[in-house]
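Undergrad: Would you mind keeping the following structure in view while I ask a few things?
Where a number appears in this text, it was derived from the coordinates with a stated rule and is not lab data. None of these values were measured; they are calculated from a predicted model. Glycine also receives a Cβ, built like all others from the backbone with ideal geometry; neighbour counts cover every protein chain displayed.
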Amino acid sequence: SSVAVVLGTRPELVKLAPLLHELGPAARLVHTGQHWDEALSGRFIDELDLPAPELLHGIGGHPRGTQIGRAVEQLDELFAADRPAAVVVQGDTNATLAGALAANARSIPLVHVEAGLRSHDRAMPEEHNRVMVDQLADLLCAATTENRTNLLAEGHRDERIALTGNTVVEVVRRSLPDEDSRAAVLAGYGLRPDTYVLATVHRPENTDDADTLRELLSSLRSIEASGTPVLLPLHPRTRSAVERFGLGPMLTRLLVVPPVGYGEFLALARHAALLVSDSGGVQEECTVLGRPLLVVRRSTERPESVDAGFAALVRPGEQLTSAALTVLAGLPERLERLARTPSPYGDGLASARIVRLLEGLAERPATSDLQ
Ligand code: UDP
């Protein structure tokens, strides 16, 4: 019998790839279409060698409630027509919540990969999605002990929680191009190892407010002006915000390119002197690649990266600029230290553990402990 893996965005494709491979022919990939375009999904399905998706329709670009409602309705029809033995969701997107609600509505066992992350920032829709999905899941796969502690503190029962590590460790190891290919990627951008900044920005807290976005771009320009090139693969949401706010002229001097494929991104990140990002996934990837990261966010649900010394939270503007210049000034010692620091996200065996747990889950009634 099949396992339906429900997802809708680029980071979910990345993080669930090892699990889809481990499941083999039992896996059904269901894509809600939340981010359905070539740059953010099609290319990742090819590059990560994932099965052809069952694609929902009419979801991308709509408000959150519409996305969730439409996805639940279509998933319900899919699950009624061909009932999976279990549903797997990952992370905290609208697709994650829709997958969880649809599984719950049909009493299909639900597995949440990356359970127990908490930013405690209720301004973020992702925080609400995580909390709700953890409530619905039959099996909570916590990546770290901190995640497990968060779940226990909310009253989740220990026997529903498994400490698995994060699948990011294995996907980075498998997808990082070899040294020659990485050198070719860097050469393609005219960059040399350890001498450039790689930046990504797409969270609403940075893109929805003109002043914040202006501050952020102005910091990146100051970093560039100090002599370090800044490569910025521009997310479509950020590109439209730049156009809407008339900030186009601030992109000059930055190396602005469209979003890049996964192997290419890892190659660029592996040799960056510094990463600047508001991404969730990059906060984990930097620990596997051993590179410093400045997180341009008010809060993080991944304090492990900060505690281990890979990442620091900064505000766009003066704080970002001065933190970046400090990192760049002490780079060799910092890179040496990070190369010796293990990733807090586990040993790279998470997907095998999750698949073993899934086999056990399918054997018992999903809702037995709710009765
Ligand atoms: N990424 C990529 N190409 C890019 C920018 C990011 O492959 O041009 C990858 C990055 O390595 C990470 C994922 O996309 O694995 C992060 O996606 P995003 O920032 O959209 O989502 P988040 O992680 O914040 O949920």
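Undergrad: Determine one quarter of the surface area of the Cα convex hull of region 1-128, which equals its mean projected area, and express it in nm² to one decimal.
TA: 7.5 nm²
Undergrad: While we're looking at this one, here's another question. Against the longest alpha carbon principal axis of the chain, how many degrees, from 0 to 90 and to the nearest 10, is the axis of helix 64-81 turned?
TA: The two axes meet at around 40 degrees.
Undergrad: Hey, fewest Cβ within 10 Å first, where do 164, 32, 252 land in order?
TA: 252, 164, 32
Undergrad: Under a no-solvent Debye model with one identical scatterer per Cα of region 178-340, what's log10 I(q)/I(0) at q = 0.08, 0.11, 0.13, 0.17 Å⁻¹?
TA: -0.20, -0.39, -0.56, -0.99
Undergrad: Further question: Which whole-Hz ³J(HN,Hα) couplings does region 157-172 yield from phi under the Karplus relation 6.51 cos²θ - 1.76 cosθ + 1.60, θ = phi - 60°, glycine and proline marked x?
TA: Ordered by residue, 3J(HN,Hα) equals 7, 4, 6, 8, 9, 10, 8, 10, x, 9, 5, 4, 4, 6, 5, 5 Hz.
Undergrad: Please arrange 226, 343 by counting, for each residue, the other beta carbons lying within 10 Å of its beta carbon, fewest first.
TA: Going from sparsest to densest Cβ surroundings: 226, 343.
Undergrad: OK, next. Considering the alpha-carbon set of region 239-321 alone, what are its Rg and its Dmax in angstrom?
TA: Final numbers for Rg and Dmax: 13.8, 39 Å.
Undergrad: A further question follows. So what's the chain giving for Cα Rg divided by 2.2 N^0.38 Å, two decimals?
TA: Details: Rg = 20.2 Å, N = 371, 2.2 N^0.38 = 20.8 Å.
Rg over 2.2 N^0.38 Å, computed on Cα atoms: 0.97.
Undergrad: Would you mind computing Rg(Cα) / (2.2 N^0.38 Å) for region 89-133, counting N as its residues?
TA: So region 89-133 has a normalised radius of gyration of 1.10.
Undergrad: A further question follows. Can you pull out the chymotrypsin sites (Phe, Trp or Tyr not before Pro) in region 2-104 whose DSSP state is coil and whose Cβ has at most 16 other Cβ atoms within 10 Å?
TA: none
Undergrad: What is the Cα centroid distance between region 242-304 and region 74-149, reported in whole angstrom?
TA: Cα centroid to Cα centroid, the span is 26 Å.
Undergrad: Right, here's the next one. Roughly how many debye, to the nearest 20, is the charge dipole of region 1-111 about its Cα centre, given +1 on each Lys and Arg Cβ, -1 on each Asp and Glu Cβ, and no other charges?
TA: 280 debye
Undergrad: Loop only per DSSP, at most 15 neighbouring Cβ atoms within 10 Å: give me the trypsin sites (Lys or Arg not before Pro) in region 114-204, ordered by residue number.
TA: Numbers: sites: 118, 122, 130, 148, 157, 160, 173, 174, 182; in loops: 118, 122, 157.
In loop regions of region 114-204 (DSSP not H, G, I, E or B), the sparsely surrounded trypsin sites (Lys or Arg not before Pro) are 122, 157.
Undergrad: Next question, about the same structure. Please order 266, 349 by the number of other Cβ within 10 Å, starting at the fewest.
TA: Numbers: 266 24, 349 14.
Ascending Cβ contact count within 10 Å gives the list 349, 266.
Undergrad: Here's a follow-up. Restricting to DSSP H runs of at least four residues, report the calculated mean residue ellipticity at 222 nm for the chain, -39500 (n - 2.57) per run over all residues, nearest 500 deg cm²/dmol.
TA: Value at 222 nm, helices only: -14000 deg cm²/dmol.
Undergrad: Report, in degrees rounded to the nearest 10, the 0 to 90 angle that the Cα long axis of helix 280-289 makes with the longest principal axis of the chain.
TA: The two axes meet at around 70 degrees.
Undergrad: Please list, ordered by chain and number, the residues whose modelled amide H lies under 5 Å from the amide H of residue 276; skip anything fewer than 5 residues away on the same chain.
TA: Sorted by chain and number, the residues that satisfy this are 198, 199, 200, 294.
Undergrad: Extension gain residue 195-residue 359, at 0.36 nm per residue separation less the Cα-Cα distance, in nm? Provide the component values of the computation, followed by the final result.
TA: On the way: separation 164, 0.36 × 164 = 59.04 nm, distance 4.70 nm.
Between residue 195 and residue 359, full extension yields 54.3 nm more.
Undergrad: For helix 94-105, report the angle its Cα long axis makes with the longest principal axis of the Cα atoms of the chain; keep it between 0 and 90° and round to the nearest 10°.
TA: Helix 94-105 sits at roughly 10 degrees to that axis.
Undergrad: Which value, in debye to the nearest 20, describes the size of the charge dipole of region 178-340 about its Cα centre when Lys and Arg Cβ atoms bear +1, Asp and Glu Cβ atoms bear -1, and nothing else is charged?
TA: In debye, rounded to 20, region 178-340 gives about 260.
Undergrad: Can you give me the Kirkwood hydrodynamic radius for region 1-71, using every pair of distinct Cα atoms, in Å to one decimal?
TA: Taking every pair of different Cα atoms in region 1-71, averaging 1/r and inverting gives 12.3 Å.
Undergrad: Considering the zone a paramagnetic label at residue 347 would reach in this model (a point 7 Å from Cα along the Cα-to-Cβ line), which residues of region 150-165 have amide N under 12 Å from it?
TA: 164-165
Undergrad: Follow-up question, since we're still on this one. With θ set to phi - 60°, apply the Karplus curve 6.51 cos²θ - 1.76 cosθ + 1.60 along region 132-139 and write out the HN-Hα couplings as whole Hz, x wherever there is a Gly or Pro.
TA: For region 132-139, the Karplus curve yields 5, 5, 4, 5, 8, 6, 7, 10 Hz.
Undergrad: Excluding residue 315 itself, calculate the net charge of residues whose Cβ lies under 15 Å from the Cβ of residue 315, where each Lys or Arg counts +1 and each Asp or Glu counts -1.
TA: -3
Undergrad: Once you have the Kirkwood Rh of region 265-371 from its Cα pairs, apply Stokes-Einstein at 37 °C and 0.692 mPa s and quote D in µm²/s.
TA: Estimated diffusion coefficient is 208 µm²/s.
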